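In what follows, a structure is listed as C-alpha cells, so that the remarks can point back to it.
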Amino acid sequence: MIIGIIILAVVVIIALFIWASYNSLVKLNERVNEAWSDITVQLKRRADLIPNLVETVKGYAKHESAAIKEVSEARAKMMGARSVKATAEADNSFTGALSRLMAVSEAYPELKADANFQQLSSELSDTEDKIQAARRFYNAGAKELNTKIKMFPVNLFKGFGFKAREYYEVEEAEKAKIKDAPEVKF
C-alpha cells in the first residue's frame with residue numbers, strides 16, 4: 001500500500017512537472033511572438049512614414065535622386081523580408097539609406113526649417129526608439145525561450161517541439177556606426 005502511494009506521488013509529481021514546463025514554454029513562445037509582432041508593427045510604421053518624408057525631401061532636394069532611390073529600394077526590401085535574419089539585414093540597409101537621406105537635409109536649410117519635415121523627423125525618431133525597445137524585448141524573450149528549451153530536464157523532452165528563436169541583431173558595421181554616430185541637429 002505504501003509503495004503504491006509513493007509510486008502514485010512520483011507519477012503525479014512528474015506529471016505536474018511536465019504540465020508546468022510545457023505551459024511555461026507556451027507562455028514564453030507567445031511572449032516572443034508578441035515581441036516579434038511589436039517589431040513588425042514599428043517597422044511598418046517607419047516604412048509608412050518614409051513616402052511622406054521622401055516627398056518632402058524631393059520638394060527641396062530635386063538633385064538628390066540617388067539618396068531618394070536608395071531609400072525607396074531599401075523600404076521595398078524591408079517590406080518583403082520574412083525571417084528574423086532577413087528582416088534584420090533589410091532593417092540595417094534601410095537604416096543606412098535613411099541616415100544618408102537625412103544627411104541630405106544638412107545641405108538644404110529650408111528643408112530643415114519645413115514644419116512637415118520636422119514633424120516627420122520627430123515621428124521617425126520616436127519610431128526608431130520604439131523599434132529599439134521592441135528589439136530588446138524580442139531578444140530577451142528569445143533568450144529566455146532558447147535557454148529553457150536547452151535546459152535539463154526540458155531538453156530530455158526535445159523542448160516539447162518548441163524551436164529556438166534567432167536573435168534580432170544589428171550587423172557589426174552598424175554597431176560601429178551607432179557607437180561613432182555624429183550628432184545630427186534639425
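Throughout, read-outs are computed from the coordinates displayed, never taken from laboratory work. What you are looking at is a predicted structure, and each value in this text was computed from that prediction instead of being measured. Cβ: placed from backbone, ideal geometry, glycine included. Neighbour counts: every protein chain shown.
The table below lists the values:
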read-out: The chain - charge dipole about Cα centre, Lys and Arg +1 at Cβ, Asp and Glu -1, debye rounded to 20; value: 760 debye
read-out: Glu30-Lys158 pseudo-label distance in nm [points 7 Å out on the Cα-to-Cβ vector]; value: 2.5 nm
read-out: Ranked by how many other beta carbons lie within 10 Å on average, peptides 42-49, 105-112 from highest; value: 42-49, 105-112
read-out: Values of log10 I(q)/I(0), in the order q = 0.11, 0.18 Å⁻¹, for the range 2-179 under a Debye, Cα-only, solvent-free model; value: -0.60, -1.11
read-out: Label point 7 Å beyond Cα of Glu89 along Cβ direction - residues of the range 66-80 with amide nitrogen under 18 Å; value: 73-80
read-out: Protection-proxy order for peptides 54-64, 139-149, each taking the mean of Cβ atoms within 10 Å per residue, highest first; value: 139-149, 54-64
read-out: Mean Cβ neighbour count within 10 Å, used as a protection proxy, ranking 29-35, 89-95 highest first; value: 89-95, 29-35
read-out: On Cα atoms only, tilt of 115-150 relative to the major axis of the chain in degrees; value: 20 degrees
read-out: Virtual spin-label span in nm between Phe17 and Lys44, 7 Å along Cα→Cβ; value: 4.3 nm
read-out: Normalised convex hull volume, the range 1-82, alpha-carbon set, Å³ per residue; value: 71 Å³
read-out: Relative exposure of Ser37, Ser72, judged by other C-beta atoms within 10 Å (fewest first); value: Ser37, Ser72
read-out: Calculated [θ] (222 nm, deg cm²/dmol) that DSSP helices of n ≥ 4 give over the chain, each run adding -39,500 (n - 2.57); value: -27500 deg cm²/dmol
